[in-house]
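Below is one structure; the comments refer to it alone.
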Amino acid sequence: MWKVFEQPQSQQGGVISFITASSYLRGPGFAGMRQHMRQIFDELWLIDLGGDNIGARKTENVFAIETPVVIAVGVRYTSPKPTQPATVHYCCIEGTTEEKLAQIAKVKQFSDLVWEACGTGWFDPFIPAASGAYATWPKITDLFPWQISGMQYKRTWPIAANQSTIQRRWEYFIKAENKAELFSETRDRKVDKLYGTLTDKTTRLPALRRLTDPKIPITIEQIGYRSFDRQWAIVDNRVGDFLRPDLHTANSEHQIYFTSLLTDVLGSGSAAVISHLIPDMHYFRNRGGKDVIPLWRDAAASQANVPAGLLDHLASELGFELNALDLMAYCYTLLASPTYTARFESELRTPGPRIPITSDGELFRTAVSLGKRLIWLHSYGQRCVPSDQPKGIVPRGQVRCDAGTSQSEYPNVYHYDEQQQQLTIGTSGVFSHVRPEVFNFSVSGLKVVQSWLGYRMAEPAGRSSSPLDKILPERWEFDDELLELLWLLDHTIDLQPQLAELLEHVLNSPLLLADDLPEPSDLERAAPKPIKQTQTKMPLQ
């Protein structure tokens, strides 16, 4: 673009065509690129060939790579018109690799393909604009305007299934001479550099290389590692590259984190999963970006993450007062149903789901009630606890543990017998009444139970970042946790018919339009301003 259109001698027309990774079509990090292309071209044609082998919607690639690709043809006819956005046309070619290549081979002119119009905003994605009723509903990112990425460690050894494993890894690291190698250094984290605490950048912590006492206390906390998977992690600003101080500042026993794919395409299954623990960046489906929505902007739960005037507007439409938790519970009821992603599969090509908000007060109340029950279950009994239930307890489901997993032999395999509805851990652990719907429960392509088990085998799933990853749990102690997970999914499966029915009722009811709701301000979209610390503790000195 620079060579053809931006040289002093190149101020007239021209054509550019290229094929490259398609991330700039949707990605929020490419908004400036999309603006520049709209300024440079008069018309832009995009032939999306797909080919995402790691995303939520896997498709075959025309090359032997995992990254989806797109053909772009941009034209400027005469002199530049930088104040008039280019007309953008989009076409998606689907099928197997051979079918895609065969379709491309037949293309001789633009009219040989069926084109859809894209949005005209400077930063709009290069994909067809939402149409029909769906396009009139508010975006989840407008109802809860502050979104943030989850924690990003960039190394796996500080995270494990139990605390004792973390402690052993930490003690081994402190005593080692080759700290840099064990640590797995990156651009942003080195063992020789000084870093501030998570809540105070001005207070410098000692460099990790200087720490020599293995008994130095370390902060180990439970985090949301993957959907419904609670793991333990070292929470220290020197250990993780981007631990998101804003998340820690706003964290409390009141906080609820709503996660989805807000910057990528959703697949089948639930469109959202909540966590009562601070989520990892890849919490939702082992892939993510700026996909975490906190309910509260502060730890005291005094500042709701909703636009000013929104709750009052909804109250006037519904006929009763409601709070931010009610709104999140309502949204969760709709998005937790697999029916949502199935019904709006085409519309969800544009990242970030939209919410149909009913003006029927009783229907809204029913959705809130269901949503709070889901939040109670999915937070392992920590949030929205019913008055007649103890906190932190997952209600029993159908699954039973018939035989505990042997403590003397750590398992490296698990087996599921669909006919017998039986899950076996290693050679001894037996869980019965495990329905196929539970074992195969999916969050946008992530098989929850299989992911949970994979991380706890003697040869764990996932990448390894350091020799420290080889320090694993000394014995299997996860039967109770597995039972809780299976019970949680039992109840979720049982609720799915109600969720699907309620979504249908909502879609057939009078709905509120996005244009009629208060818009969030730039300040409400921004992260909360930090509170100045008068005194800062320095752990690990």
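Any idea what the dipole of the chain comes to, in debye rounded to 20, about its Cα centre with Lys/Arg Cβ at +1 and Asp/Glu Cβ at -1? Intermediate values should be presented prior to the final figure.
Details: 55 positive and 63 negative charges, 412 e Å.
The dipole of the chain has a size of about 1980 debye.
Using θ = phi - 60° and the Karplus relation 6.51 cos²θ - 1.76 cosθ + 1.60, list the HN-Hα couplings for the stretch 292-303 in order, rounded to whole Hz, with x at every Gly or Pro.
Working through the residues one at a time gives 10, 10, x, 5, 10, 8, 8, 5, 7, 6, 9, 10 Hz.
Label the stretch 14-56 by shape, choosing from rounded, prolate and oblate, from the square roots a ≥ b ≥ c of the eigenvalues of the Cα gyration tensor; if a/c is under 1.5 it is rounded, and otherwise prolate applies when a/b is larger than b/c, oblate when it is not.
oblate
Treating the beta-carbon of each Lys and Arg as +1 and of each Asp and Glu as -1, no other charges, what is the dipole magnitude of the stretch 1-99 about its Cα centre, to the nearest 20 debye?
Values: 8 positive and 10 negative charges, 105 e Å.
In total the dipole reaches around 500 debye.
Under a crude label model (7 Å from the Cα following the beta-carbon direction), how far is ALA458 from ILE19 in nanometres?
4.7
Can you pull out the trypsin sites (Lys or Arg not before Pro) in the stretch 199-274 that DSSP calls coil and that have at most 11 other Cβ atoms within 10 Å?
Details: sites: LYS201, ARG204, ARG209, ARG210, LYS215, ARG226, ARG230, ARG238; in loops: LYS201, LYS215, ARG238.
Passing sites in the stretch 199-274 are LYS215.
Given the rule -39500 (n - 2.57) for each run of at least 4 DSSP H residues, summed and divided by the residues of the chain, what is its mean residue ellipticity at 222 nm, to the nearest 500 deg cm²/dmol?
The helix contribution divided over the chain gives -7500 deg cm²/dmol.
Through the Karplus equation 6.51 cos²θ - 1.76 cosθ + 1.60, θ set to phi - 60°, convert the phi angles of the stretch 75-92 into ³J(HN,Hα) values in whole Hz; use x for Gly and Pro.
These are the phi-based 3J(HN,Hα) values: 10, 10, 7, 9, 6, x, 10, x, 9, 10, x, 4, 7, 10, 10, 10, 9, 10 Hz.
Within 10 Å, count the other beta carbons around each residue, average over each peptide in 365-374, 381-390, 142-151, and list them highest first.
Ranking the peptides 365-374, 381-390, 142-151 by packing returns 142-151, 365-374, 381-390.
Any idea which of LEU101, ASN323, ALA403 is furthest toward the positive side of the dipole for the chain, if Lys and Arg beta-carbons carry +1 and Asp and Glu beta-carbons -1?
LEU101
Please turn the phi angles of the stretch 151-162 into ³J(HN,Hα) values with the Karplus equation 6.51 cos²θ - 1.76 cosθ + 1.60 (θ = phi - 60°), one per residue in order, whole Hz, x for glycine and proline.
5, 10, 7, 6, 7, 9, 5, x, 10, 7, 6, 9
Pick out, from LEU482, ALA299, VAL4, the residue whose Cα sits farthest towards the positive end of the charge dipole of the chain, with +1 on the Cβ of Lys and Arg and -1 on the Cβ of Asp and Glu.
VAL4
Just how large is the dipole of the stretch 228-336 about the Cα centre, in debye to the nearest 20, putting +1 at every Lys and Arg Cβ and -1 at every Asp and Glu Cβ?
Dipole about the Cα centre, nearest 20: 340 debye.
Relative contact order of the chain: what whole-number percent is it, with Cα pairs under 8 angstrom and at least 6 residues apart? Kindly include the intermediate steps, with their values, before the conclusion.
Numbers: 1088 pairs, mean separation 84.1, N = 541.
For the chain, the relative contact order is 16 percent.
Lys/Arg Cβ at +1, Asp/Glu Cβ at -1, dipole of the stretch 355-507 taken about the Cα centre: which of PHE441, CYS384, LEU503 is farthest positive-ward?
Towards the positive end, the residue furthest out is CYS384.
With each label point set 7 Å from Cα along the Cα-Cβ vector, what nm distance links GLN152 and LYS529?
Roughly 2.7 nm, to one decimal.
Measure out, as a whole number of angstrom, how far apart the alpha-carbon centroids of the stretch 317-378 and the stretch 48-103 sit.
33
What range in the chain is the longest one free of GluC sites (Glu not before Pro) that are in a loop by DSSP and have at most 14 other Cβ atoms within 10 angstrom?
Value returned for the longest uninterrupted segment is 95-176.
How high is the relative contact order of the stretch 81-159, in percent, with contacts defined as C-alpha pairs under 8 Å that are six or more residues apart?
On the way: 47 pairs, mean separation 21.0, N = 79.
Relative contact order here is 27 percent.
Roughly to the nearest percent, how much of the accessible area of the chain is carbon and sulfur, given a 1.4 Å probe?
Details: 12210 of 24340 Å².
Answer for the chain is 50 percent, counting heavy atoms of protein chains only.
Once a ≥ b ≥ c are taken as the square roots of the eigenvalues of the Cα gyration tensor of the stretch 214-372, is the result rounded (a/c under 1.5), prolate (a/b larger than b/c) or oblate (a/b not larger than b/c)?
Verdict is oblate for the stretch 214-372.
Would you list which lysines come within 22 Å of LYS529, measuring only between C-alpha atoms, while excluding same-chain residues fewer than 8 positions from it?
LYS201, LYS290, LYS537
What is the sum of charges, Lys and Arg at +1 and Asp and Glu at -1, for the other residues whose Cβ falls under 12 Å from the Cβ of PRO338?
Charge balance near PRO338 sits at -1.
Please list, in chain and number order, the residues 5+ apart from TYR195 or on another chain whose amide H is under 5 Å from its amide H, with Hs placed from the backbone.
Placed amide hydrogens put LEU205 under 5 Å from TYR195.
Please label the shape of the stretch 140-264 as rounded, prolate or oblate, based on the square roots a ≥ b ≥ c of the eigenvalues of the alpha-carbon gyration tensor (a/c under 1.5 means rounded; beyond that, a/b larger than b/c means prolate, else oblate).
prolate
The values are calculated or read from the model by the stated rules, or taken from the named source; none is laboratory data. In this text the structure is predicted, and so the values were computed from the model without any measurement. Neighbour counts run over all protein chains shown; Cβ positions are idealised from the backbone, glycine included. For accessibility, only protein heavy atoms count, side chains too; no ligands or nucleic acids. Shrake-Rupley method; radii C 1.70, N 1.55, O 1.52, S 1.80 Å.
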